[in-house]
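Step one of this worksheet: look at the structure below.
The values are calculated or read from the model by the stated rules, or taken from the named source; none is laboratory data. Small disclaimer: the values here were computed from a predicted structure and weren't measured. All Cβ positions, glycine included, derive from the backbone under ideal geometry; neighbour counts span all protein chains shown.
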Amino acid sequence: MSDVHLYPVPAQIKSAAHIDRALYQSMYQESIQSPETFWAEQASKFLTWQKPWSKVVESDLKKGEVSWFIDGKLNVSVNCIDRHLPARANQTALIWEGDDPAEDQKLLIRNCMIRSVVWQMRCVNAA
């Protein structure tokens, strides 16, 4: 049998956490007692849906078949990048450094997105 090692969370990390132990326990209980309601709330809160789901979950555990958010449609690019742009547009996305360390350039997320869109448009127009 292996020993269980618990490591205390440093105060600095704990103070910056999004949830505390009490909220975690509350959320955990809700996820057990009412999983469809809990996961529907989480999916609505943290994801941008192109098409909403018609049913949260369908499962046949005897067959090992589980499907989540039936009929729902997501766009990965929107959820990973686009929806964060308003709050993070002025953050540094990339730091370019030349051969001379004194030569550098910081590219903002906003500028990277604009360059990406322009590049995509050129590719589409070239096809």
Selection status of SER44, hydroxyl-bearing (Ser, Thr, Tyr), within 24 Å of LEU74 (Cβ to Cβ) and either exposed (fewer than 10 other Cβ atoms within 10 Å of the Cβ) or more than 22 Å from the chain's Cα centre (by Cα) (or both): no
Restrict the check to segment 94-115 and report whether at least one residue is in a helix (DSSP H, G or I) and modelled with pLDDT of 85 or more. no
Per the list (1) free of Cβ contacts under 8 Å to residues at least 12 places away in the same chain; (2) in a helix (DSSP H, G or I), residue check on LEU6 breaks on (2)
I'm trying to understand the selection: among the residues of segment 19-46, which are modelled with pLDDT under 95 and in a loop (DSSP other than H, G, I, E, B)? ILE19, ASP20
Of (1) part of a helix (DSSP H, G or I); (2) in contact with a Leu (Cβ under 9 Å, 6 or more places away or on another chain), GLN50 fails just (1)
Can you tell me which of (1) more than 30 Å from ASN111 (Cα to Cα); (2) among the polar types (S, T, N, Q); (3) surrounded by fewer than 13 Cβ atoms within 10 Å (Cβ to Cβ); (4) touching a helix residue (DSSP H, G or I) at 6+ places or on another chain (Cβ under 8 Å) is the one THR92 doesn't meet? (1)
